[in-house]
Amino acid sequence: MEEFSGIRLSRREFVVVGAASVSAAAVPAGAATPATAPAATAPASLTPVAAQVSLVVNGQTHALRLDTRTTLLDALREHLHLTGTKKGCDHGQCGACTVIVDGRRINSCLTLAVMHEGARITTVEGLGSPTRMHPMQVAFVKHDGYQCGYCTPGQICSAVAVLDEIRAGIPSHVSPDLNARPQVSPGEIRERMSGNICRCGAYSNILEAITEVAGSQS
Ligand code: FES
Ligand code: FES
């Protein structure tokens, strides 16, 4: 006889109970449960919550009702169908999803849409159109600042914001004097653009494009 939670079982009964509990634990996630099993109910904390959010995207106001877990990137791509902004890593590591929010560039995969109520968001579609391109878009074309083009919308949004940051006097890690206004230089541009990865390696052409636009703005 075996003692099991205070119940005495024969060795055969003990083996049967053990096998039953192992097979129950081995049921894969999502598999149908036996009709006799009590229905599983999701904890309240896992129930999706929807919220209303208003975003001003490329000058147009959009009222959206979103699952509160929706990233700004998914709100733009999946709900507003602005697919210019790209999903590369979805982990804040590549910069493909860069957009400009209230004048600052951010990785839209790392922020929730509901955190940006009323924010003014600029995506690559808002910078220019094929017939009226932004000077940065023109420069990228002129200098071949891309190959496959997947990183390009993020590169361009970042580049536009980088020149605004330098103009605003915001120093970077390579600015030689934190009390002086930073100057446009290859080092400054490389450092500030280091969060935008280009797997095609178009970096030198991207640098040329940004440098040209910086020169034309000074
Ligand atoms: S997709 Fe957002 S940083 Fe890579
Ligand atoms: S152009 Fe292909 S990843 Fe940058």
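One line per residue, one yes/no per condition, for (1) within 16 Å of ligand 1 (Cβ to nearest atom); (2) assigned by TED's automatic domain parsing to the domain that holds I170; (3) of a type in the set (F, W, Y):
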site: T41; (1), (2), (3): no, no, no
site: L55; (1), (2), (3): no, no, no
site: R65; (1), (2), (3): no, no, no
site: H81; (1), (2), (3): no, no, no
site: G88; (1), (2), (3): yes, no, no
site: I106; (1), (2), (3): yes, no, no
site: V114; (1), (2), (3): no, no, no
site: R132; (1), (2), (3): no, yes, no
site: A139; (1), (2), (3): no, yes, no
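Selection within the range 178-199: residues that are over 21 Å from H134 (Cβ atoms) and within 16 Å of ligand 1 (Cβ to nearest atom). The member of this set that is surrounded by the most Cβ atoms within 10 Å (Cβ to Cβ) is I197. Considering A159, A139, the condition of being under 19 Å from S216 (Cα atoms), open to solvent by less than 40 Å² (accessible area, probe 1.4 Å) and touching a Gly at 6+ places or on another chain (Cβ under 8 Å) is satisfied by A139 alone. Of all residues in the range 81-98, those satisfying the criterion of being away from ligand 2 (no atom under 13 Å from the Cβ), open to solvent by 30 Å² or more (accessible area, probe 1.4 Å) and under 21 Å from S129 (Cβ atoms) are H81, L82, T83. Listed conditions (1) more than 19 Å from I100 (Cβ to Cβ); (2) away from ligand 1 (no atom under 16 Å from the Cβ); (3) open to solvent by 50 Å² or more (accessible area, probe 1.4 Å) are all met by A168, apart from (1). Quick check: anything in the range 61-70 under 14 Å from the mean Cα position of the chain (by Cα) and farther than 30 Å from E188 by Cα? The answer is yes, given that some residue of the range 61-70 is under 14 Å from the mean Cα position of the chain (by Cα) and farther than 30 Å from E188 by Cα.
Return a yes/no flag: does the range 92-101 have any residue that is under 14 Å from the mean Cα position of the chain (by Cα), without any contact (Cβ under 8 Å) to a residue 24 or more places away in the chain and in the same structural domain as T71 (by TED's automatic domain parsing). Scanning the range 92-101, I find at least one residue that is under 14 Å from the mean Cα position of the chain (by Cα), without any contact (Cβ under 8 Å) to a residue 24 or more places away in the chain and in the same structural domain as T71 (by TED's automatic domain parsing), so the answer is yes.
The values are calculated or read from the model by the stated rules, or taken from the named source; none is laboratory data. Computed from a prediction, not measured in an experiment: that's the story for all the values here. Please note: Cβ atoms are built from the backbone with ideal geometry, for glycine as well, and neighbour counts cover all protein chains shown. Each accessible area value is taken on the protein alone, full model and side chains, heavy atoms only, with ligands, DNA and RNA left out. Shrake-Rupley method; radii C 1.70, N 1.55, O 1.52, S 1.80 Å.
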